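Presented below is the structure to which this report refers.
The values are calculated or read from the model by the stated rules, or taken from the named source; none is laboratory data. Here the structure is a predicted model, which means the values were calculated and not measured. No Cβ is skipped: glycine too gets one built from the backbone with ideal geometry, and neighbour counts run over all protein chains shown.
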Amino acid sequence: METVLVTGGAGFIGSNLCGALLGQGYRVVCVDDFSGDLYDPKFKREHLNSLSNNDNFVLYENNISDLDALRNIFAKEKPDYVAHLAARANVRNAVKDPYPYVDVNVTGTLNVLELCRDFEVKNVVVASSGSVYGDNPHVPWREDEGADKPVSPYGATKRASELLAYTYHRNFGLNVTCLRYFNAYGENNRPDLVPYIWTEALLTHKEIEISGDGSRKRDYTYVGDVVEATILAIKKPLGFEIINIGNSHPISLKELLTVFEKMTGVTAQVKSRPSNSISAEITYADISKARKLLDWEPKVGIEEGIEKLVSWFKENRVKDPL
């Protein structure tokens, strides 16, 4: 049985990935410190409730910035593969206080890469982000587009992680695939993201805020599709590659709200607020490379995905949804 070490394994995408890997017969080592600036740690612990009794699941509560602690985990568990998803991930908070983002997203990534080299890990998948493209108006975004003008320190740290990953491939022959995730949503959704916020508001009949005139578009990608792409990347060493993982069908906030109203059966009470200057007008992934190298295609459309999110929310977050 091969072992996959997943950093950030108690988070949104990470917890879904851990469950899927266990379902495919892998032994999973989850590393997460249950901290961060996004949501209550109890939610992360709830994400792992269904996994904790699995004999092939091991949890370590450690911060990836602690090199010595992380080295001890690698030495004990000797992972065959690593999926590095741990990160500080709130774009706006990164602007207010960038230091934790550099500590975790850059230094933490360096620690992971160094240990993957030392312990001869077969293949490493690093979670990057569509945020590296900044507010580039030339869409859809391709991996060979310039990614040197991110609009937040978060995007800058993700780009730095990609560059560090390349140096470990170039100098040490480490197999690393960086996946640029686009606007993931779904089960175990981060509470700071629009899909979660709107689901909660609609199901509890609270007001929804929508930025600007609602025309800003996002490439919302169902978490199950993101997880599938990640597992395909884990299984297929490619030397060094950067690959977009998105639905490749951006929709406006207005269109998204219409989907939410349909899936919840609730008409939204909407209040407009000014757009944030660090937000891109559109995120839009060209996924030709993912199709070619991973044989991956998103399977879940926005209506089906939001329906899954709403069902999960009713079961796990709202005791008496209206």
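A few notes on this one:
Matching residues to (1) charged (D, E, K, R); (2) in contact with a Cys (Cβ under 9 Å, 6 or more places away or on another chain):
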residue	(1), (2)
V176	no, yes
I197	no, no
Y220	no, no
K235	yes, no
L238	no, no
N244	no, no
P250	no, no
G265	no, no
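- Residues within segment 14-59 that are closer than 28 Å to V91 by Cβ, polar (S, T, N, Q) and surrounded by 14 or more Cβ atoms within 10 Å (Cβ to Cβ), tallied: 2
- Checking S275 against (1) loosely packed, with under 14 Cβ neighbours inside 10 Å; (2) within 16 Å of I208 (Cα to Cα), the condition it does not meet: (1)
- All helices (runs of 4 or more DSSP H) inside segment 126-239 with 3 or more residues being modelled with pLDDT of 95 or more and over 30 Å from N316 (Cβ atoms): 153-172
- Residue within segment 301-311 that is assigned to a loop (DSSP other than H, G, I, E, B) and farther than 15 Å from P250 by Cα present: no
- Residue match in segment 249-263 (condition: at pLDDT 95 or above and at positive phi): no
Residues are listed down the side, and each one gets a yes or a no for (1) surrounded by fewer than 17 Cβ atoms within 10 Å (Cβ to Cβ); (2) polar (S, T, N, Q):
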{"position": "H169", "(1), (2)": "no, no"}
{"position": "F172", "(1), (2)": "yes, no"}
{"position": "N175", "(1), (2)": "no, yes"}
{"position": "T204", "(1), (2)": "yes, yes"}
{"position": "R218", "(1), (2)": "no, no"}
{"position": "I234", "(1), (2)": "no, no"}
{"position": "M263", "(1), (2)": "no, no"}
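- Condition met for V227 (out of contact with any strand residue (DSSP E or B) (no Cβ under 7 Å at 6 or more places or on another chain), buried (at least 21 other Cβ atoms within 10 Å of the Cβ), of a type in the set (A, V, I, L, M) and under 24 Å from V82 (Cβ atoms)): yes
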